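Here is the structure we will look at, set down as structure tokens.
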Amino acid sequence: MSKIILKLSRFLFKGGTSFPGIVALKLDKKILRTLADGWNVILVTGTNGKTTTTSMVYTMLKDNGKKAISNSTGANMYAGIVACFIANYSFRKTDDEKYAVIEVDEANVKFITEMVSPKIISVTNLFRDQLDRYGELYTTLNKILEGIEKTPSAKLVLNGDESLLGDLGLANDAVYFGFNTPIDESAKVEVNADAKFCKKCKSPYKYYFLTYNHLGSFYCDVCGYERPALRYSLDKVEELTPDGSLVEINGNQYYINVPGAYNIYNALCAFAIATELGIENESIFDSLKSQKSSFGRQEVIDIGGKKLRIILVKNPAGYNQAIDTVSLEDQRIGLVLMLNDNYADGRDVSWIWDVKFEKFSGLDLERIFISGIRLYDMALRLKLGGLPVDKFVIEEDYDKLLKGIKSIESDTVYLLATYTAMISFRKFLSTKGYLKELW
């Protein structure tokens, strides 16, 4: 029944990423146990980077000739994950080795591990995000740990630069990845960084270096808690461009075909997972070099000859990294900022005051389009951040917004949008013929 609903949803509404799963769970609450039987399941969770990391691991497995599936559209709640398995379920049983690389929302890990025994669980990082839903960082961490505790046989692949993920006291075997080199020379944690205090004794952390926000080579000079030993390390950043990064990981050079320091972390995480799964290094190298941008994550859409780069933003840490990536541009660009406050975005938008929009002032911006449900909150933040008000175009109507984007002279336009704003605008672009596939 769910497979039929899935086909109808895709045909009639170009959707169906979660609804078939809702129907299946109404009929059988434990259906995921049946659906996931026979799959080697890899769960990827954390605040930022889940979708891109999942896509990278999935690509590495496919390039290595493995049978693999993934919830690549980012439908990472329980029903969406069930729908992913439904879409790939076959009534014909085989003994083939197969992998399911699944992005999972932090609060949903415990529901998945109730039904599935993953081979690997990976946690990318932990930042303040949707405080009205998740609460503070330790609440989010505890939600994840509650799920991990149900599956002690799963190997953990964790971000060692994330101070909250060290010394978890779990029965699981754990390996860590992280940076052995700074992106810049900063070792001073910023006033609005997230996990600034030692998880053991609550003293302020010290850092040999920071990468961004609170991530980096940390230590506590009071109780001695420090970053765990890294099995997988980023040893050198040779080049950062608007198109990608040239780096050295575990002594070998790799080109990552998506830009930004945060995507280096995603690639490092994917590298660690793939290596733990026994994927050949040549496949990892080729996959990273040819990696395509994920759904709404540095996705590039051709709009009348202009490159529209869509970047999902949802919290201060991720937004600041997106701004740093845009700041790599040395040409004149257009900018579109969209802010929504729907449930999936988080109702409270006060977090935009922790974002360093002031950095945009150093760029050659032709025009700044502002849209979304909370467009005036965004406009006020940008004005007080010192951006040129005479370049603002405040526009609710998508048709007029698209017309404005097409009218500027710049060849590249960056669109930074919260989740529901990104989904809404992509649907609009689909109706206009700019996207062949919505999902």
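FYI, it's all coordinate maths here, none of it is from the lab. Computed from a predicted structure; not experimentally measured. Every residue, glycine among them, receives a Cβ derived from its backbone with ideal geometry; neighbour counts consider all protein chains shown.
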If you find the alpha carbon centre of the range 236-271 and of the range 61-113, how far apart are they in angstrom? 26 Å
Just want the ordering: F271, F111, from fewest to most Cβ atoms lying within 10 Å of their own Cβ. F111, F271
Test of understanding: in a Gaussian network model of the chain with alpha carbons linked when under 10 Å, which of T275, T34, T54 would top the mean-square fluctuation ranking? T34
The range 144-201: trypsin sites (Lys or Arg not before Pro) in DSSP coil with no more than 10 other Cβ atoms inside 10 Å: K188
Which Cys in the chain stand alone, with every other cysteine's Cβ at 4.7 Å or more from theirs? C84, C269
Amide H of L435 versus every other amide H placed in the peptide plane: which residues, excluding those fewer than 5 positions away on the same chain, fall under 5 Å? S430
If you average the C-alpha positions of the range 301-318 and of the range 375-439 separately, how far apart do those two centres end up, in angstrom? 9 Å
Name the shape class, rounded, prolate or oblate, that the alpha-carbon gyration tensor gives for the range 21-143, where a ≥ b ≥ c are the square roots of its eigenvalues, rounded holds for a/c under 1.5, and otherwise prolate holds if a/b is larger than b/c and oblate otherwise. oblate
The range 301-318 - phi-based ³J(HN,Hα) in whole Hz, Karplus 6.51/-1.76/1.60, Gly and Pro as x: 10, 7, 10, x, x, 9, 8, 9, 9, 9, 10, 6, 10, 8, 7, x, 4, x
Sites S407 and D184, calculated FRET efficiency, Cβ-Cβ separation with R0 45 Å, nearest 0.05: 0.75
Computed label-point distance, nm, for sites K432 and C223 using a 7 Å Cα→Cβ extension: 5.3 nm
So if we plug the beta-carbon distance of W353 and Q331 into 1/(1 + (r/R0)^6) with R0 = 25 Å, what FRET efficiency do we get, rounded to 0.05? 0.30
Quick check on the chain: helices-only [θ] at 222 nm, where DSSP H runs of length 4 and up contribute -39,500 (n - 2.57) each and the sum goes over total residues. Nearest 500, please. -9500 deg cm²/dmol
Spin-label model distance (nm) - E280 vs R33, 7 Å beyond Cα toward Cβ: 4.0 nm
Which pairs, out of K359/K400; K307/K359; K292/K436; K30/K143; K50/K202, put more than 25 Å between their alpha-carbon atoms? K359/K400; K50/K202
Pairs K62/K119; K314/K427; K356/K391; K356/K427: which are spaced more than 21 Å apart, C-alpha to C-alpha? K356/K427
I want to verify a result. In a Gaussian network model of the chain, Cα cutoff 10 Å, which of these has the top mean-square fluctuation: F19, F357, F91? F91
Taking the beta-carbon count within 10 Å as an exposure proxy, list E185, E190 from fewest neighbours to most. E185, E190
Spin-label proximity, N342 to the range 414-429 - amide N less than 20 Å from point 7 Å beyond Cα toward beta carbon: 415-429
Contact order relative to length of the chain, as percent, for alpha carbon pairs under 8 angstrom and 6 or more apart: 13 percent
Sparsely packed GluC sites (Glu not before Pro) within the range 332-439, loop by DSSP, other Cβ within 10 Å at most 15: E396, E409, E437
I need two numbers for the range 297-431: Rg to one decimal and Dmax as a whole number, Cα atoms only, in Å. 13.4, 37
Using alpha-carbon positions, the gyration tensor of the range 367-430 gives root eigenvalues a ≥ b ≥ c; with a/c under 1.5 called rounded, otherwise prolate if a/b exceeds b/c, else oblate, the class is oblate
